[in-house]
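Written out below as structure tokens is the structure these notes cover.
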Amino acid sequence: MIACIAIAILYLAIIVRVLVRLLDEEDSFLILAVAGLIAQFGGQATINMAVNTQLFPSKGMTLPFISYGGSSFIALSIGMGLLLSLTRRNPYAARVSMTRNWNKK
């Protein structure tokens, strides 16, 4: 039971961390893309946990990165890679844009 709660907390921590990261973003495409990816990740985890506790009927969804499934693991890895690349911050790019704006004045 402790391991199950730890896994659920880990999934929740990932989802909250990504959503907190989105609070500073201004690009609407980035916000929608990341929100969709994290909703898919969180939804799949929630549905799998609900099926295992017999709250939902069986759907055949795997628990992200834990349950066995080759194609599911590859799809989740690609989705998480997209998520990481979209939420990555480059401090150099922010400095360059600030200096360009400064030089225009």
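The values are calculated or read from the model by the stated rules, or taken from the named source; none is laboratory data. Remember, it's a predicted structure, so these values are computed and weren't measured experimentally. No Cβ is skipped: glycine too gets one built from the backbone with ideal geometry, and neighbour counts run over all protein chains shown.
The table below lists the values:
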item	result
Helices (runs of 4 or more DSSP H) enclosed by the chain - at least 2 residues per element that are surrounded by 10 or more Cβ atoms within 10 Å (Cβ to Cβ) and modelled with pLDDT of 90 or more	2-22, 28-52, 70-87
Test result for Leu63, within 18 Å of the chain's Cα centre (by Cα), in contact (Cβ under 8 Å) with a residue 12 or more places away in the chain and within 19 Å of Arg88 (Cα to Cα)	no
